[in-house]
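Peer 1: Got a structure for you, written out below as structure tokens; questions coming shortly.
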Amino acid sequence: MDNFIVSARKYRPATFETVVGQQHITNTLKNAIKNNQLAQAFLFCGPRGVGKTTCARILAKTINCTNLQPNGEACGQCPSCKAFENGNSFNVHELDAASNNSVDDIRSLIEQVRIPPQAARYKVYIIDEVHMLSQAAFNAFLKTLEEPPHYAIFILATTEKHKILATILSRCQIFDFNRIRVEDMANHLASIAGKENISYEPDGLHIIAQKADGGLRDALSMFDQIVSFSGGKVTYRSVIDNLNILDYDYYFNITGSLLAEDTAKALLFFDEILSRGFDGAHFIAGLSEHFRNLLVGKDQSTLKLLEVSEGIKNKYLQQSQQASVSFLLSAMNIANQCDISYKLSKNQRLQVELALLKMCHLPSVFNLATTPLTVTSAADGGLKKKPDTSAPAAINNTPANNPVPVAKPTPPVSHVPDKIAAVPAAAPPVAEKPKVVMPLRSTLTPSLTGEIRTADGTIQEEEEDPYLKGDSNEDFTMEAFLRCWNEFALKAKNEGKKNLTTIFASNKPKMLRPYVFEIIVATMVQETSFRDERPAILNYLRSELRNFNIEVNARVDEHQVVRKPYTAPEKFQHMLARNPQLMELKTRFNLDFD
């Protein structure tokens with residue numbers, strides 16, 4: 001009985017043409033060999049199982065081939081190729097840096113480099129997992145890597161390029177290997193199955209390729225496992241059962257229940273998934289991927305992003321026509337939030353079930369959002385729903401996932417000009433409606449003649465308007481406005497109005513729009529004081545600037561106002577912040593506040 005050889009070793013590529021999914025690298029290496037432009041140090045980096053060490057061995061074999069083919073491949077028949085294939089070549093040396101990472105190992109390699117090749121053109125050193133070398137080993141390797149003999153070529157391979165010293169990287173030609181595409185991997189598995197006379201289903205091979213996550217070695221290991229499990233028949237069901245993967249049908253059935261708003265069936269499907277031993281986090285991640293594939297399938301230009309077999313792709317195309325884009329986007333958002341909060345939750349099952357319930361009610365939410373209210377006659381009942389044929393709007397990212405109308409952006413306030421633009425002439429005044437004064441707790445009673453009487457029967461006189469009237473509307477600069485503002489502040493100070501003086505000293509008014517200003521005050525008391533003096537302030541500003549459209553309002557904001565020190569302790573703390581030596585002066589002379 002022959003010893004079994006795993007597919008990853010048995011079908012390891014022997015030429016550049018048989019390397020899967022790395023054509024951008026193999027073509028470059030073949031052209032470099034044909035044009036005799038080989039570098040003396042290469043760095044192959046990329047994820048596991050994508051062909052780094054394989055390409056390094058093919059390169060070492062090809063550059064020493066004595067009968068190079070026109071397409072840049074090794075002949076496989078010359079003594080050098082035969083020696084390499086038999087594993088007894090004296091010109092190709094492999095070093096595993098994971099177990100030989102000391103300075104002594106690198107010194108031994110440097111000693112070997114001094115010996116020229118035997119019956120070959122180049123002496124090749126392949127160092128795998130080079131990032132495992134110690135700092136001292138890297139430093140010992142630098143000089144040899146920079147100026148090696150003309151016959152020495154170093155090929156370094158690693159999965160973690162960021163751990164390699166920049167001085168090493170600068171001395172190498174760097175080749176980044178890609179993850180192998182699902183389609184390329186599935187085709188390679190199909191060719192191996194044909195050579196081994198193994199029957200297969202394309203859907204099963206695609207599942208293996210997706211599970212491998214870009215690594216062909218992982219895919220070949222799973223392929224051997226499935227062949228042993230199923231007795232030489234790789235079917236979709238055998239792959240699903242052996243690799244413990246959720247069937248596509250579960251996601252299609254659950255999505256159908258969500259679109260039909262059947263909460264009971266969706267919860268029962270999830271319970272069946274849990275009973276089969278699957279984790280809720282695994283399910284919600286797969287459901288998010290399912291919604292993503294449905295969204296991709298709604299546009300012909302993005303169909304190439306579906307990395308599934310043709311049979312599964314047809315199912316995606318069929319279900320994508322039933323789900324709207326708004327539903328898919330909102331469902332993906334809910335699933336993403338569930339995935340984030342799943343690990344932190346004490347009741348993880350409830351998190352997934354709550355997400356499914358939210359998704360079930362999405363269709364009705366969109367129907368409600370897209371059916372506006374219209375006013376009808378009284379005979380029809382007043383208000384009713386009117387169907388709308390327009391596309392539904394996407395749900396906003398709120399906890400309840402309810403659609404929220406988006407407010408129109410307000411235009412930005414323009415920069416304050418040096419001179420305020422003139423306001424256009426006001427429209428003709430509209431006749432004012434007669435004022436109606438409502439009684440307060442029956443203390444004021446209107447008479448038959450329209451006069452307002454108090455409780456004792458006396459006639460209350462109407463208060464006069466405290467603001468000056470005028471038609472003048474002259475332009476003025478901001479400097480002129482601040483000058484008048486400061487003049488009124490000095491006048492209020494001379495009259496002994498302390499609260500008003502504090503307001504004027506704390507902040508300067510800012511212009512919100514032409515002729516409308518705002519001043520920030522710290523407390524409601526200051527705001528009341530300003531409101532009481534507002535007629536006097538406006539009358540002074542309007543008369544001095546000859547513009548009766550000026551308005552100044554106060555707004556309370558404790559955080560924007562810088563409170564100035566007034567009491568003796570506050571003044572001392574203010575001075576101490578600027579000059580800390582005052583504390584020593586106060587302590588030494590035992591000073592106190594007045």
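The values are calculated or read from the model by the stated rules, or taken from the named source; none is laboratory data. These figures come from a predicted structure and were not determined experimentally. We place every Cβ from the backbone using ideal geometry, glycine too, and count neighbours over all the protein chains shown.
Peer 1: Please verify whether the range 248-257 includes one or more residues that are more than 33 Å from the chain's Cα centre (by Cα) and at pLDDT 85 or above.
Peer 2: Let us first name the residues in the range 248-257 that are more than 33 Å from the chain's Cα centre (by Cα), namely none.
No, because not a single residue in the range 248-257 is more than 33 Å from the chain's Cα centre (by Cα) and at pLDDT 85 or above.
Peer 1: Okay, moving on. Name the residues in the range 116-137 that are of a type outside the set (D, E, K, R), on the phi < 0 side of the Ramachandran plot and assigned to a loop (DSSP other than H, G, I, E, B), would you?
Peer 2: Across the range 116-137, the qualifying residues are 116, 117, 118, 120, 122, 133, 134.
Peer 1: Limited to the range 292-314, what total is found for residues that are of a type outside the set (A, V, I, L, M), buried (at least 19 other Cβ atoms within 10 Å of the Cβ) and assigned to a helix (DSSP H, G or I)? Break it down into steps so the answer makes sense when it comes.
Peer 2: To start, the set of residues in the range 292-314 that are of a type outside the set (A, V, I, L, M) comprises 292-293, 297-302, 304, 307, 309-311, 313-314.
Still in the running and buried (at least 19 other Cβ atoms within 10 Å of the Cβ): 293, 297, 309.
Subsequent filtering for residues that are assigned to a helix (DSSP H, G or I) retains 293.
Total satisfying the criteria: 1.
Peer 1: Among the residues of the range 103-112, are any more than 30 Å from residue 212 (Cα to Cα), assigned to a helix (DSSP H, G or I) and polar (S, T, N, Q)?
Peer 2: Step one: list which residues in the range 103-112 are more than 30 Å from residue 212 (Cα to Cα), which gives 103-112.
From what is left, the residues that are assigned to a helix (DSSP H, G or I) are 103-112.
Going one step further and asking which of them are polar (S, T, N, Q), we end up with 108, 112.
Yes, the range 103-112 has at least one match.
Peer 1: Residue 35 passes all but one of (1) farther than 23 Å from residue 209 by Cβ; (2) in contact (Cβ under 8 Å) with a residue 12 or more places away in the chain; (3) surrounded by fewer than 20 Cβ atoms within 10 Å (Cβ to Cβ); which number fails?
Peer 2: All conditions are met except number (2).
Peer 1: Right, here's the next one. Could you run through the range 111-137 and say how many residues are within 20 Å of residue 164 (Cβ to Cβ) and either without any contact (Cβ under 8 Å) to a residue 24 or more places away in the chain or loosely packed, with under 15 Cβ neighbours inside 10 Å (or both)?
Peer 2: 3
Peer 1: On to the next question. Tell me the residue from 97, 140, 152, 119 that is assigned by TED's automatic domain parsing to the domain that holds residue 62 and within 27 Å of residue 48 (Cβ to Cβ), please. Explain how you work it out, then say what you get.
Peer 2: On the way: 140 fails: within 27 Å of residue 48 (Cβ to Cβ); 152 fails: within 27 Å of residue 48 (Cβ to Cβ); 119 fails: within 27 Å of residue 48 (Cβ to Cβ).
Of 97, 140, 152, 119, the one residue that is assigned by TED's automatic domain parsing to the domain that holds residue 62 and within 27 Å of residue 48 (Cβ to Cβ) is 97.
Peer 1: Please work out which residue is farthest from residue 308 (Cα to Cα), limiting yourself to the range 231-250 and to residues that are in contact with a helix residue (DSSP H, G or I) (Cβ under 9 Å, 6 or more places away or on another chain) and among the polar types (S, T, N, Q).
Peer 2: 242
Peer 1: Being buried (at least 19 other Cβ atoms within 10 Å of the Cβ) and assigned to a loop (DSSP other than H, G, I, E, B) is the filter here; which residues of the range 183-214 pass it?
Peer 2: 214
Peer 1: Let me ask you something else. Just to verify a result, which residue in the range 504-520, among those that are modelled with pLDDT under 80 and surrounded by 13 or more Cβ atoms within 10 Å (Cβ to Cβ), is nearest to residue 547 (Cα to Cα)? Outline the logic, then answer.
Peer 2: Taking the range 504-520 as the starting set, the residues that turn out to be modelled with pLDDT under 80 are 504-507.
Adding the requirement that they be surrounded by 13 or more Cβ atoms within 10 Å (Cβ to Cβ) leaves 504, 506-507.
On the way: 504: 21, 506: 26, 507: 23 Å.
Once the filter is applied, the top-ranked residue is 504.
Peer 1: Still on this structure: I'd like to check something: does the range 192-207 contain any residue that is touching a residue at least 12 places away in the same chain (Cβ under 8 Å), among the hydroxyl-bearing types (Ser, Thr, Tyr) and farther than 30 Å from residue 309 by Cβ?
Peer 2: No: the range 192-207 contains no residue that is touching a residue at least 12 places away in the same chain (Cβ under 8 Å), among the hydroxyl-bearing types (Ser, Thr, Tyr) and farther than 30 Å from residue 309 by Cβ.
Peer 1: Checking residue 151 against (1) surrounded by fewer than 20 Cβ atoms within 10 Å (Cβ to Cβ); (2) touching a residue at least 12 places away in the same chain (Cβ under 8 Å); (3) within 30 Å of residue 305 (Cβ to Cβ), which single condition isn't satisfied?
Peer 2: Every condition holds for residue 151 apart from (3).
Peer 1: So, residue 63, is that one touching a residue at least 60 places away in the same chain (Cβ under 8 Å), of a type in the set (A, V, I, L, M) and either out of contact with any Gly (no Cβ under 7 Å at 6 or more places or on another chain) or in the same structural domain as residue 35 (by TED's automatic domain parsing) (or both) or not? Break it down stepwise before answering.
Peer 2: Numbers: touching a residue at least 60 places away in the same chain (Cβ under 8 Å): yes; of a type in the set (A, V, I, L, M): yes; either out of contact with any Gly (no Cβ under 7 Å at 6 or more places or on another chain) or in the same structural domain as residue 35 (by TED's automatic domain parsing) (or both): yes.
Taking the combined requirement at face value, the residue satisfies it.
Peer 1: Count, please, the residues in the range 11-33 that happen to be more than 17 Å from residue 62 (Cβ to Cβ) and touching a Leu at 6+ places or on another chain (Cβ under 9 Å). So that I can check it myself, show each step before the final result.
Peer 2: Residues of the range 11-33 that are more than 17 Å from residue 62 (Cβ to Cβ), as a first pass: 11, 20-21, 24.
Subset that is touching a Leu at 6+ places or on another chain (Cβ under 9 Å): 11, 20-21.
Final tally of qualifying residues: 3.
Peer 1: Follow-up. For the range 4-30, what are the residues that are part of a loop (DSSP other than H, G, I, E, B) and either over 39 Å from the mean Cα position of the chain (by Cα) or not small (Gly, Ala, Ser) (or both)? Lay out the reasoning, then the answer.
Peer 2: The initial filter retains those residues of the range 4-30 that are part of a loop (DSSP other than H, G, I, E, B), namely 4-6, 11-15, 19-22.
Within the range 4-30, 4, 5, 6, 11, 12, 13, 14, 15, 19, 20, 22 meet the criteria.
Peer 1: Could you say whether any residue in the range 262-270 is part of a loop (DSSP other than H, G, I, E, B) and either farther than 30 Å from residue 39 by Cβ or hydrophobic (A, V, I, L, M, F, W, C) (or both)? Reasoning before the result, please.
Peer 2: Filtering the range 262-270 for residues part of a loop (DSSP other than H, G, I, E, B) gives 262.
Checking the rest, the ones that are also either farther than 30 Å from residue 39 by Cβ or hydrophobic (A, V, I, L, M, F, W, C) (or both) come to 262.
Yes, that holds for at least one residue.
Peer 1: Restricting to the range 55-108, give me the number of residues that are among the charged types (D, E, K, R) and over 51 Å from the mean Cα position of the chain (by Cα). Can you show your working first?
Peer 2: Of all residues in the range 55-108, those among the charged types (D, E, K, R) come to 57, 61, 73, 82, 85, 94, 96, 104-105, 107.
This time we only want the ones that are over 51 Å from the mean Cα position of the chain (by Cα), so: 82.
Total meeting the criteria: 1.
Peer 1: Quick one: residue 585 ticks every box in (1) under 52 Å from the mean Cα position of the chain (by Cα); (2) aliphatic (A, V, I, L, M); (3) modelled with pLDDT of 80 or more except a single one, so which number is it?
Peer 2: (1)
Peer 1: Counting just the residues of the range 246-273 that are closer than 25 Å to residue 208 by Cβ and touching a residue at least 60 places away in the same chain (Cβ under 8 Å), which one comes out surrounded by the fewest Cβ atoms within 10 Å (Cβ to Cβ)?
Peer 2: Top of the filtered list is 252.
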